[in-house]
Each structure stands twice: as C-alpha cells, then as structure tokens.
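Structure, as structure tokens:
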Amino acid sequence: MSEISTENIQIERRGLMLVLSSPSGAGKTTISRALLAEDDNLSMSVSATTRKPRPGEVEGKDYFFMEPVDFNLLVNKGELLEHAKVFDNYYGTPAAPVREALAAGKDILFDIDWQGTQQLAQKAGDDLVSVFVLPPSTQALEKRLKSRAQDSDEVVARRMSKASEEISHWREYDYVVVNDDVNRCIAEVKAILQAERVRRNRRTGLLTFVEQLREGY
C-alpha cells in the first residue's frame with residue numbers, strides 16, 4: 001500500500017458568498033478591505049450602480065457605473081442576482097461572474113444592504129453566509145459619517161434617519177458583530193469565514209477523501 005503525503009491536504013469545496021451589511025458608517029467597508037488584503041481566495045463582488053462615481057473610485061473595480069436605462073435592461077433580462085434602490089440610486093449584482101467563482105471554489109464578498117441580502121437568500125441557498133455589523137452607538141455612527149467628509153450634512157442626516165430601519169433587520173442574518181473595536185471585529189468575521197469554509201456540505205471532495213481513508217489509502 002502506497003503512502004499519501006499528509007502535508008497540505010486540499011479537499012475540494014464549493015465557494016461561498018459572504019455578505020456584510022450594516023448602516024452606512026458602521027465599518028463594513030473597512031472590514032471588507034482588511035479581509036480582502038489578507039485572503040487570496042476572497043474577492044469582492046463588483047456591483048452595477050446608477051450613482052455617480054465618488055473621488056478615487058474606478059470603473060470595473062469599485063462598481064460598474066451605468067445609466068438607469070442600461071441597469072433596467074439587466075433587471076429585465078434576469079442577469080442580476082439582486083438589486084435594490086438605495087438613496088435614489090440603484091445597485092445590483094451581475095450573476096454570471098459569481099456563479100463561475102463559486103463553482104471554482106472561490107469565495108465572493110458582498111457589501112450590500114438588507115434588501116439585497118433577502119434577494120440573495122432566495123437564490124443562493126447554502127452558498128450564502130450573512131453577517132450584520134452594528135455600530136457601538138448612534139452617536140458613534142453619526143461621528144463616523146461626518147468624519148468621512150464624503151457627504152453633505154443633508155445626506156448624513158438622511159443616512160442617520162435610515163439607520164434605525166436598517167438595524168431592525170439584524171435578526172435576518174446568520175451572524176451579528178458589534179464594531180466597537182475594528183481589529184476585534186475583523187478577527188470575528190475572519191473566524192466566521194474560516195468556520196464556514198469547512199462546513200461538511202460545502203466540501204464537495206469530502207466524500208471521496210473519506211472513502212479513500214476507509215479503503216486504507
């Protein structure tokens with residue numbers, strides 16, 4: 001009987017869809033960037049949107065910036081996994097790149113709101129892992145929004161008024177973390193990701209591996 005190396009055993013698995021949601025300013029973008037910087041098997045889902053680019057945003061990397069008529073065409077053709085209207089603009093996730101990545105064992109990170117998460121949950125099934133990020137307080141949330149200096153006072157006020165409604169959907173998520181310490185919060189989300197990657201039903205190569213063990217290989 002030949003020996004099999006026990007170093008770096010790789011068991012094939014299906015990729016997962018990791019969703020991070022939160023009120024604007026609660027820190028999900030910071031958490032997302034940290035995860036992406038440290039994990040080569042995790043990539044960001046690039047959404048289509050009808051809003052205008054912010055300073056520094058790159059077409060095809062941050063978003064696919066589209067006119068409303070073109071966005072509606074994608075919706076009508078059923079080529080979006082989810083779509084929603086947020087603050088007078090539309091956002092949506094193209095389906096084809098996500099499905100290809102999952103089949104190849106790659107994980108996709110989503111920075112979307114509760115509306116998009118509900119739609120993904122209907123289509124993704126066991127592929128979806130959802131995490132809601134809560135701020136430590138309302139005051140901290142408002143301070144973070146103002147410190148970004150990206151939005152006018154009017155927009156900040158609108159985001160704050162929307163926060164309570166967004167937070168009310170926390171029960172719909174698999175996991176909830178509180179971002180009172182960003183490093184600890186990042187560590188918690190990384191632990192969630194690692195645990196979900198080794199779920200039995202996600203590891204498509206596990207049956208073959210176990211059968212080989214039982215046969216003495």
Requested in this report: Would you grab the residues whose amide H sits under 5 Å from the one on Leu128? Only those 5+ places off in sequence or on another chain, please, with H modelled 1.01 Å from N.
Outcome: Met17
Query - Ranked packing of 165-178, 101-114, most packed first, by mean Cβ within 10 Å - result: 101-114, 165-178
Query raised in the report: What ranking do 19-27, 49-57, 90-98 get when scored by the average of other Cβ atoms within 10 Å per residue, highest first?
Result: 19-27, 90-98, 49-57
**Report entry** Segment Gln212-Val176, extension gain: residue separation times 0.36 nm, minus the distance between their alpha carbons
**Finding:** 9.1 nm
Query - Check: the range 36-117 dipole with +1 on Lys, Arg Cβ and -1 on Asp, Glu Cβ, in debye - result: 260
Report task. Would you work out the relative contact order for the range 7-138, in percent, from Cα pairs under 8 angstrom that are 6 or more residues apart? Result -> 43
Report summary line: Karplus ³J(HN,Hα) for the range 193-200 (6.51 cos²θ - 1.76 cosθ + 1.60, θ = phi - 60°; Hz, whole; x = Gly/Pro) runs 4, 5, 5, 5, 5, 9, 4, 4
Query - Two-site FRET efficiency, Ser164 against Asp40, from Cβ-Cβ distance with R₀ of 41 Å, rounded to 0.05 - result: 0.60
Query - Antiparallel bridges, percent of DSSP beta bridges restricted to the chain (to nearest 5) - result: 30
Query raised in the report: Which angle between 0 and 90 degrees, to the nearest 10, do you get for helix 114-124 versus the longest principal axis of the chain when only C-alpha atoms count?
Result: 30
Query raised in the report: Across the range 128-142, in residue order, what do the Karplus-derived ³J(HN,Hα) couplings come to in whole Hz, using 6.51 cos²θ - 1.76 cosθ + 1.60 with θ = phi - 60° and x for Gly and Pro?
Result: 8, 10, 10, 10, 9, 9, 9, x, x, 6, 5, 5, 5, 5, 5
**Report entry** For Gly205, residues with placed amide H under 5 Å, excluding near neighbours
**Finding:** Glu12, Arg13
Query raised in the report: Which ³J(HN,Hα) values, rounded to whole Hz and listed in residue order, are derived for the range 176-184 from phi using the Karplus coefficients 6.51, -1.76 and 1.60 in 6.51 cos²θ - 1.76 cosθ + 1.60 with θ = phi - 60°, glycine and proline given as x?
Result: 9, 10, 10, 8, 8, 9, 5, 5, 5
Report task. Pull up all non-local amide H partners of Tyr63: gap of 5 or more, or a different chain, and H-to-H distance under 5 Å with H placed in the peptide plane. Result -> Val58
**Report entry** Dipole magnitude of the chain about its Cα centre (Cβ charges: Lys, Arg +1; Asp, Glu -1), debye to nearest 20
**Finding:** 280
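Quick note: the coordinates plus some simple rules give every number you see, no bench work behind them. In this text, all values refer to a predicted model and were calculated from it rather than measured experimentally. A quick note on method: Cβ atoms are made from the backbone with ideal geometry, for glycine too, and the neighbour counts reach across all protein chains shown.
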